[in-house]
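Following: one structure in structure tokens, then a few remarks.
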Amino acid sequence: MGRWEPNARGRLEEAALQLYSERGFDRTTVAEIAEHAGLTERTYFRYFADKREVLFGGEGALDEIITHAVAEAGHAVAPIDAVAAGLTAVGEMFRGRADHARRRQAVIAANPGLQERELIKLSRLAASTADALRRRGVAEPTASVTAETAIAVFKVAFERWVTDGGELADVIADSFAELKTVAGAGQ
């Protein structure tokens, strides 16, 4: 094994996903993931704190895309539309990765501990989105309600995309349109 291996992070992510899919999360070790990727266990821990985190490595990028879009939205843009723009932009991050996302979601669905970790990720996204809205001048409870609602819409859209396919950005946009239809029905 060479001292430096290209795309070690990506190879570890793919190896973990493959082994988790074949053997199950609980029956796969970090050592097996590293070996399958042609790397060392030490290299694994340079990138990931534990064997769960290999499935959640994109969390920071999601957060950055969403909060950036909220911050950059014009002041005339409604809070829900600013967050919707950020979540729709997230769709670009997943372009061409539908198969990977399906496999990842299947692994998470099969393991209660991973389901819990996924919910923690979504909760963190909602909290950072609410913070971004507050920095934009959106008062409470509007900031929190908007952020929590938007992340719930994203969760439903992501599940629809994994099941039905298409472009994630389009599914997210359609889901926000559905939210607006539902919200408008009470007027």
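For THR67, are the conditions met, namely being of a type in the set (S, T, N, Q) and not in a helix (DSSP H, G or I)?
So THR67 does not fit the description; no.
Any idea which of (1) within 24 Å of ARG52 (Cα to Cα); (2) touching an Asp or Glu at 6+ places or on another chain (Cβ under 9 Å); (3) of a type outside the set (Phe, Trp, Tyr); (4) crowded, with 18+ Cβ neighbours inside 10 Å is the one ALA143 doesn't satisfy?
The number of the failed condition is (1).
Please work out if LEU17 is under 27 Å from GLU167 (Cβ atoms), touching a residue at least 24 places away in the same chain (Cβ under 8 Å) and in contact with a His (Cβ under 8 Å, 6 or more places away or on another chain).
When the stated conditions are applied, LEU17 passes them.
I need the full set of residues from segment 8-32 which are surrounded by 16 or more Cβ atoms within 10 Å (Cβ to Cβ) and among the hydrophobic types (A, V, I, L, M, F, W, C), in order please.
ALA8, LEU12, ALA15, ALA16, LEU17, LEU19, PHE25, VAL30
Taking the condition under 29 Å from GLU22 (Cβ atoms), surrounded by fewer than 15 Cβ atoms within 10 Å (Cβ to Cβ) and either of a type in the set (S, T, N, Q) or more than 19 Å from the chain's Cα centre (by Cα) (or both), does THR163 pass?
Yes: the conditions hold for THR163.
Read-outs throughout are calculated quantities, based only on the coordinates presented, and are distinct from any laboratory measurement. Since the model is a prediction, treat every value here as computed from it, not as a measurement. So basically every Cβ, Gly included, is an ideal-geometry build from the backbone, and we count neighbours across all protein chains shown.
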